[in-house]
Amino acid sequence: MSKIKVVHYINQFFAGIGGEEKADHKPEVREGAVGPGMEFNKRFKGEAEIVATVICGDTYFNENTEDAKKKILEMVKKYNPDIFIAGPAFNAGRYGVACGTITKAVNDELQIPVLTGMYIENPGADMFKKSVYIVETKNSAAGMRKAVKSMTKLALKLAKGEEIGTPEEEGYMPRGIRKNYFAQERGSKRAVDMLIKKLKDEDFTTEYPMPDFDRVEPNPAVKDLANAKIALVTSGGIVPKGNPDHIESSSASRYGKYDIADFNDLTSEDHETAHGGYDPVYANDDPDRVLPVDVLRDLEKEGVIGELHRYYYATVGNGTAVSSAKKFAAEFAKELKNDGVDAVILTST
């Protein structure tokens, strides 16, 4: 029996090309295994082999998605693989989105089995876990060997067309698919058993897990707006012209802090949006539509608010990991408190 043919997708970092400064690397294909692909080949133990590795920079893929998909699909099609593997991406947001996007495209358009892997909080996980098999990994490349081990096992089963077990058995993220099966005990008994365990405060596993929503309790209302210092924060990507901090258009890894002390109104001459998740025309035409500096200045003059804080903070919410967003907020919230800000208006898109 011939070896299972695998085409592997990785980003510029894992290909050894470079970091963020090389994230605009255009799609290319190399024969054989590159970077983590060598660990995959080792784990395949002769049953499968990576025949080609497709490499693309994270920024290039996310800012030129359709073009990148078209080029990569042509590369993959040339090798006619038995399975296509992307990543693992761990908690790298743009890499995760790229892995999810390209695996779904390969599966949809070439009808080739696909697999990727990433951390549960990677934005790509939430976007694509119902469309493709995603093996859950640790949040950093320190978990590479464990991730490859889990991915290899599932990849071989997918390539062979074998029946795939439950997420708990195979290590992939739940896809929201329910299958009928014959259980040893009927549902009423299983339900009562779970209830008894719950009443005894014992561990039990539900057969129908509910969504886990992150609820944030609202703070008390501002009592004296007329004397309050108000700050603006946005995930809508409004930045000074030229995007001086190079905030990514998707899966942002940074935020910016910008001085608006001399601005009563934002215009297309001095500000723009870096956001890649909505049509930028109207935001670029009048950035106040996303970051309402003009309205806050009016309220300041009218005495409705005490003052508008001289700095605003901006990032891009499009595909940005929840963990990254929490980290950004924790950092600049300290600055806002130290600057005596009483309340924040958070705008989106």
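The values are calculated or read from the model by the stated rules, or taken from the named source; none is laboratory data. Computed from a predicted structure; not experimentally measured. Cβ sites come from the backbone with ideal geometry, for glycine too, and all protein chains shown count toward neighbours.
Structure notes:
- So GLY46, is it surrounded by fewer than 18 Cβ atoms within 10 Å (Cβ to Cβ), in a loop (DSSP other than H, G, I, E, B) and not assigned by TED's automatic domain parsing to the domain that holds SER323: yes
- One residue stands out in the stretch 162-203 among those that are surrounded by fewer than 11 Cβ atoms within 10 Å (Cβ to Cβ) and among the acidic types (Asp, Glu): the one that is farthest from the chain's Cα centre (by Cα), namely GLU185.
Residues checked against (1) assigned to a loop (DSSP other than H, G, I, E, B); (2) in contact with a Gly (Cβ under 9 Å, 6 or more places away or on another chain); (3) more than 26 Å from ASP58 (Cα to Cα); (4) modelled with pLDDT of 95 or more:
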residue: SER253; (1), (2), (3), (4): yes, yes, no, no
residue: LYS257; (1), (2), (3), (4): no, no, no, yes
residue: PHE263; (1), (2), (3), (4): yes, no, yes, yes
residue: ASP279; (1), (2), (3), (4): yes, no, no, no
residue: ASP288; (1), (2), (3), (4): no, no, yes, yes
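- Out of PHE84, PHE40, sole residue that is crowded, with 24+ Cβ neighbours inside 10 Å and either outside the structural domain of ALA325 (by TED's automatic domain parsing) or not in a helix (DSSP H, G or I) (or both): PHE84
- Taking the criterion of being of a type outside the set (A, V, I, L, M, F, W, C), over 25 Å from the mean Cα position of the chain (by Cα) and part of a helix (DSSP H, G or I), the residues of the stretch 132-161 that qualify are LYS157, LYS160.
- Residue ID - farthest from the chain's Cα centre (by Cα), chosen from residues in the stretch 102-127 that are in a helix (DSSP H, G or I) and buried (at least 24 other Cβ atoms within 10 Å of the Cβ): VAL106
- Hey, GLY242 under 29 Å from GLY124 (Cα atoms) and surrounded by fewer than 18 Cβ atoms within 10 Å (Cβ to Cβ) or not: yes
- The listed residue being within 28 Å of the chain's Cα centre (by Cα) and more than 16 Å from SER250 (Cα to Cα), out of ALA333, ALA314, ALA321: ALA333
- Single residue of the stretch 57-81 satisfying the filter (in contact with a helix residue (DSSP H, G or I) (Cβ under 8 Å, 6 or more places away or on another chain) and within 14 Å of SER251 (Cβ to Cβ)) that is surrounded by the fewest Cβ atoms within 10 Å (Cβ to Cβ): THR65
- Every listed requirement among (1) at pLDDT below 95; (2) more than 30 Å from ARG175 (Cα to Cα) is met by ALA231 save one, (1).
- For ARG175, the criteria (1) assigned to a helix (DSSP H, G or I); (2) basic (Lys, Arg); (3) closer than 26 Å to ILE10 by Cβ; (4) out of contact with any Asp or Glu (no Cβ under 9 Å at 6 or more places or on another chain) hold in every case but one, which is (1).
- Positions within the stretch 50-77 being part of a helix (DSSP H, G or I) and among the polar types (S, T, N, Q), in sequence order: THR59, ASN62, THR65
- The residue of the stretch 265-277 that is farthest from ILE247 (Cα to Cα), among those that are part of a loop (DSSP other than H, G, I, E, B) and free of Cβ contacts under 8 Å to residues at least 40 places away in the same chain, is ASP265.
- Residue that is modelled with the lowest pLDDT [pool: residues in the stretch 176-190 that are more than 30 Å from ALA125 (Cβ to Cβ) and not basic (Lys, Arg)]: PHE182
- Filter result for the condition that a residue is in a helix (DSSP H, G or I), loosely packed, with under 15 Cβ neighbours inside 10 Å and either among the charged types (D, E, K, R) or over 30 Å from the mean Cα position of the chain (by Cα) (or both), over ASP298, ASP294: ASP298
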